[in-house]
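Chemist: Mind looking over this structure? Questions follow.
The values are calculated or read from the model by the stated rules, or taken from the named source; none is laboratory data. Note that this is a predicted model, so its numbers are computed, not measured. We place every Cβ from the backbone using ideal geometry, glycine too, and count neighbours over all the protein chains shown. These accessible areas exclude ligands, DNA and RNA; they are computed on the full protein's heavy atoms, side chains included. Shrake-Rupley method; radii C 1.70, N 1.55, O 1.52, S 1.80 Å.
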Amino acid sequence: MTDQTHAPPEVTTPRDRRRAIWRRVLWGGGGFAAVCVVAGIAGVTYLTHGNLGPFVARRASAMLGREVQVAAMHVTPGAWLKIDVENARLANIAGGSEPDMVRVGHLSFEVRAISLLHGPAILRHLALSDVRVLVERTPQKLPNWRFGAAALTPPKPAATPQMVSPQTASPDDRRHYPTLLDARIVNGEVIYRTAHGASFRTTLKTVTIDTRNADTPVSFAVDGAYNDVPVRMTATLQPFSALRRIRDPYGIDLQATSGDMVMTFRGTAVDPLNADGIVGAVSVKTETSKSLMAIAGMAGPQDVALRMAGQFAHDGNLWTITGGEGAVKDNPMTVSLLRFVEGMRGQPDHVTADIAFSRLDLNEFLGDRKASDTASKDMVLDIDRAPDPLIDAKVSVGSLSYNVLHFSNMALAASVMPGVVSVERLALDYLGARLNASGRMQAVDGGGAHVSAVVDVNGLDIQKLRQTLGFASVPLQGRLDLRMTADATQRTLNAAVHEADVAAAVSMTGGRIDRTVIGAASTDLRMIFRRPKGMTPVACLLGVVNAHAGVGSALPLRVRTAEGTISGNARFDLNRKWFNLIFGSQASTTSSFALDIPVQVSGGFSSPRILPARWTADGRSMLAETSRLNALPVGVRQFAMRNPCYRPGGR
């Protein structure tokens, strides 16, 4: 029996060939679909249960140019993809103070799947916990919050006297920034560290963000603390669609409260994600300044009521307030300029201020205000050898009170530098006179400071001065000019005033003196029969004073009139309010009836005794000696030499 094999029928027609091709396509397509289904099921299973953390970390590290670590990341597919991240960290910039810039304990959110295809992405239900962010600049002024090429570009210098426009900020590309519909952050911390190492810590107890869609305003709220001071903040921000328009400043309306402090800001930011390029109206109000001082990280009085409103700007390491108006306690003020420049690491910050007060009572800041105790107020001369910040300030005051003294129209230009407080200019009105002064306080070993000053006074009314000093009525009227230098090394301002070494020259080229004084000084016999009445003009007056700790002498002391020239010398003690004055006439300038017997006036300021005296040989020599002026400081000596009474002969 023959074995027979059955072969498939031969395809001989085109129709048969087409059928065979379709059978192969269908079998192949079905197999490919089965493979895709199996791969999809495997992919979904991997996304749901697999760990994408290492993969995402590698991609993020390459994109940001810094190491990123992600312990775990899981994705749950759906119309809204759910993403969960555990224990992630972002490395700090090279040269940073700590290894990590960001650490996150847990992060989860949902993203609308279709928005990943058409963009921008839409996110919701963002939850973030146990997060720590360090924001800082390196010693080379590089910010750690910029990445890629931008991270290697230092900011423009800001330590210039001119205000830098905040519009120069360079915003990040926000055109594809996602819309975040709602978010909640708990247990967070953000540390801002300046380039010279000062740290400002923001604790985030809770943070919430809420908006309906990309075109509606964003509600933002924070419950936390700043420098351990509780702070609550609420804000209304422009929609996310506005955030993506990088050419337009982004609108911010914010209010923050801490204790009795309320701060508001309404303005825009060129670079809101980096809190840069900010400009707008700001206001601050507090009854005690306690929270404000703590937030600023400064030690200072915490019973000072403050209110102020002005224009605020922040650009890089430059912060400014202009056009400010408000009050400190009950002292109204305006702020033309308040500028703060962050120093580089190891270098101090720099503050520039131009402030005007319509009135200022310094006694309110030196302790409890009691009228009976104002004379005891004092100011400690504690000069910092490494001050932070450095200060350049201009202050003007319409009416100023310090201790029992009252001044007006004060203008001050001062600076605080390492170990030195310098007063480039101090000008004020006192007792009808204009005072112009300059000086400096320099730290000394052992504490306290060396104080030096140069003072010019023009137009000081004699009668007002003697009333202030407690003198009895004096027979001289008119206005004095004065040039004075003072030096002291003390621990407090009052002690420096009391213990200073003083050299001064007092000058008058007008005014009047009682004729009785001329007659008494020359012992004019005509006074036996009649007492001269009225005042006689003063051609010139000159007195040169040297004193230490309120005790000193006035020599020479000369007054020239048409009826005679008086010369004298005096010793005084301002602490005991005591003086001893001997004066007499120059015989060549008085009438033939004058005996030219000197007179001594001695005793307390309020009740001196007047007695006849006599010149000794040494006394007359001292009156004629002008070489004593050579020992005076140059400025005082030149001032005295311009007075016609400088020459002892009266010419």
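Chemist: Counting only protein chains, not ligands or nucleic acids, how are R483, R59, R174 ordered by accessible area (probe 1.4 Å), most first?
Modeler: Solvent-accessible surface, decreasing: R59, R483, R174.
Chemist: Can you sort R385, R193 by 1.4 Å-probe accessible area, starting with the largest?
Modeler: So, going from the largest accessible area down, we get R385, R193.
Chemist: May I pose another question? Let me make sure I get this right: for the range 431-475, a, b and c are the square roots of the gyration tensor eigenvalues over alpha carbons, sorted descending. Under 1.5 in a/c it's rounded, otherwise prolate if a/b > b/c, else oblate. Which is it?
Modeler: oblate
Chemist: Can you give me the Cα centroid spacing of the range 220-242 and the range 74-122 in angstrom?
Modeler: Here the two parts' Cα centres lie 22 Å apart.
Chemist: For every other residue with a beta carbon closer than 14 angstrom to the beta carbon of I321, add +1 if it is Lys or Arg and -1 if Asp or Glu, then tell me the sum.
Modeler: -1
Chemist: Report ³J(HN,Hα) in whole Hz for each residue of the range 129-136, in order, from the Karplus equation J = 6.51 cos²θ - 1.76 cosθ + 1.60 where θ = phi - 60°; Gly and Pro get x.
Modeler: Each residue of the range 129-136 in turn: 9, 6, 10, 9, 10, 10, 10, 7 Hz.
Chemist: Could you estimate the translational diffusion coefficient of the range 238-300 from the Stokes-Einstein equation, with Rh from the Kirkwood formula over C-alpha pairs, at 25 °C and 0.890 mPa s, in whole µm²/s?
Modeler: Value of D from the Cα-based Kirkwood radius: 186 µm²/s.
Chemist: How big is the accessible area of L117 in square angstrom, nearest 10, if you roll a 1.4 angstrom probe over the protein chains?
Modeler: 150
Chemist: Related question: What residues have an amide H closer than 5 Å to that of M417, excluding those fewer than 5 places away on the same chain, when H is modeled at 1.01 Å from N in the peptide plane?
Modeler: The list, which skips near neighbours in sequence, is S422.
Chemist: Taking the Cβ of R491 as the centre, find all other residues whose Cβ is under 11 Å away and add up their charges (Lys, Arg: +1; Asp, Glu: -1).
Modeler: -3
Chemist: Ranked highest first by average number of other Cβ atoms within 10 Å, how do 204-217, 177-190 line up?
Modeler: Highest to lowest by the protection proxy: 177-190, 204-217.
Chemist: Something else about it: With equal scatterers on the alpha carbons only and no solvent term, can you work out the Debye log10 of I(q)/I(0) for the range 178-237 at 0.29 1/Å?
Modeler: Here log10 of I(q) over I(0) equals -1.10.
Chemist: Something else: From the P(r) of the range 189-279, could you give the percentage of C-alpha pairs in the tail past 22 Å?
Modeler: 35
Chemist: Pull out the extension gain between T234 and Q467, defined as 0.36 nm times the separation in residues minus the alpha carbon to alpha carbon distance; nm, one decimal.
Modeler: 78.0 nm
Chemist: Here's another thing I want to ask about it. Rounded, prolate or oblate: which fits the range 267-364, taking a ≥ b ≥ c as square roots of the Cα gyration tensor eigenvalues, rounded meaning a/c under 1.5, else prolate when a/b beats b/c?
Modeler: Cα axes put the range 267-364 in the prolate bin.
Chemist: Report, to the nearest whole %, how much of the accessible area of the range 176-239 belongs to carbon and sulfur atoms, 1.4 Å probe, protein only.
Modeler: Its accessible area is 56 percent carbon and sulfur atoms.
Chemist: If you plug each phi of the range 263-268 into the Karplus form 6.51 cos²θ - 1.76 cosθ + 1.60 with θ = phi - 60°, what whole-Hz ³J(HN,Hα) values come out, in order, with x for Gly and Pro?
Modeler: 10, 10, 9, 9, x, 9
Chemist: Another question, if that's okay. For the pair A305 and S553, what calculated FRET efficiency results from E = 1/(1 + (r/R0)^6), where r is the Cβ-Cβ distance and R0 = 60 Å, to the nearest 0.05?
Modeler: Taking R0 as 60 Å, the efficiency between S553 and A305 is 0.80.
Chemist: Oh, and also: Using the Karplus curve 6.51 cos²θ - 1.76 cosθ + 1.60 with θ = phi - 60°, work out ³J(HN,Hα) for each residue of the range 600-605 in order, rounded to whole Hz, and write x for Gly and Pro.
Modeler: Coupling constants for the range 600-605: 10, 10, 9, x, x, 4 Hz.
Chemist: What does the charge count near P389 come to, summing +1 for each Lys or Arg and -1 for each Asp or Glu among other residues with Cβ under 14 Å from its Cβ?
Modeler: -4
Chemist: Rank these by accessible area, largest first, 1.4 Å probe: D173, D271.
Modeler: Result, largest first: D173, D271.
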